[in-house]
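Written out below as C-alpha cells is the structure these notes cover.
The values are calculated or read from the model by the stated rules, or taken from the named source; none is laboratory data. What you see is a predicted model; the values in this text were computed from it and never measured. Neighbour counts are summed over all protein chains in view; Cβ atoms, including those assigned to glycine, are modelled from backbone coordinates with ideal geometry.
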Amino acid sequence: MNKEILLFNIDKVHTTKMGIDRIKKNLKLDTNDVVEYCKNKILDKDCNIYKQGKNWYCEIDNIKITINSYSYTIITAHTIH
C-alpha cells in the first residue's frame, strides 16, 4: 500500500469527540482543531507514512498518528521517544 492513497483521501480524515480529547491529552495540544493539526503533520513531506493491518501510521516530529484505513478516522496520536 502506498501513502498516496492516504494523501489522496486527506479530506476524509476525521476523528470522534473522544478522539479529539484523547489526541489533545496525548500530544498536550492547545488547539481545538485537532484534525487540522494532524492533517498538517500527515501532509508534511518529512512524514513517514506506512500501513500495517487495517491502520495507517504517520510518524513525524516524535509524533505517531494512527488512522483507520477504511473509515479514515484518526484513532489516536501520541509522542514517540
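Residues that are in contact (Cβ under 8 Å) with a residue 60 or more places away in the chain and of a type outside the set (D, E, K, R) do not occur anywhere in region 16-36. Looking across region 1-28, the residues that are part of a loop (DSSP other than H, G, I, E, B), of a type outside the set (Ser, Thr, Tyr) and modelled with pLDDT of 95 or more come down to Asn9, Val13, Lys28.
Can you confirm whether region 21-32 contains a residue that is of a type in the set (A, V, I, L, M, F, W, C) and within 24 Å of Asn2 (Cα to Cα)?
No; the residues of region 21-32 include none that is of a type in the set (A, V, I, L, M, F, W, C) and within 24 Å of Asn2 (Cα to Cα).
Consider region 47-57 and keep the residues that are in contact with a strand residue (DSSP E or B) (Cβ under 6 Å, 6 or more places away or on another chain) and free of Cβ contacts under 8 Å to residues at least 24 places away in the same chain. The one that is nearest to Asn26 (Cα to Cα) is Tyr57.
Taking the criterion of being among the hydrophobic types (A, V, I, L, M, F, W, C), assigned to a strand (DSSP E or B) and within 15 Å of Asn9 (Cα to Cα), the residues of region 30-81 that qualify are Ile49, Trp56, Cys58, Ile67, Ile74.
Determine, yes or no, whether Asn40 is surrounded by fewer than 16 Cβ atoms within 10 Å (Cβ to Cβ), under 10 Å from the mean Cα position of the chain (by Cα), on the phi < 0 side of the Ramachandran plot and at pLDDT 95 or above. If you could, list the steps in order and put the result at the bottom.
Numbers: surrounded by fewer than 16 Cβ atoms within 10 Å (Cβ to Cβ): yes; under 10 Å from the mean Cα position of the chain (by Cα): yes; on the phi < 0 side of the Ramachandran plot: yes; at pLDDT 95 or above: yes.
Here the answer is yes, as Asn40 does meet what is asked.
State which residue pairs qualify: first residue within 13 Å of Met18 (Cβ to Cβ) and among the acidic types (Asp, Glu) and inside region 65-81, second residue modelled with pLDDT under 95 and in a loop (DSSP other than H, G, I, E, B) in any location, beta carbons under 6 Å apart, and separation of 6 or more residues or different chains. The qualifying pairs do not exist here.
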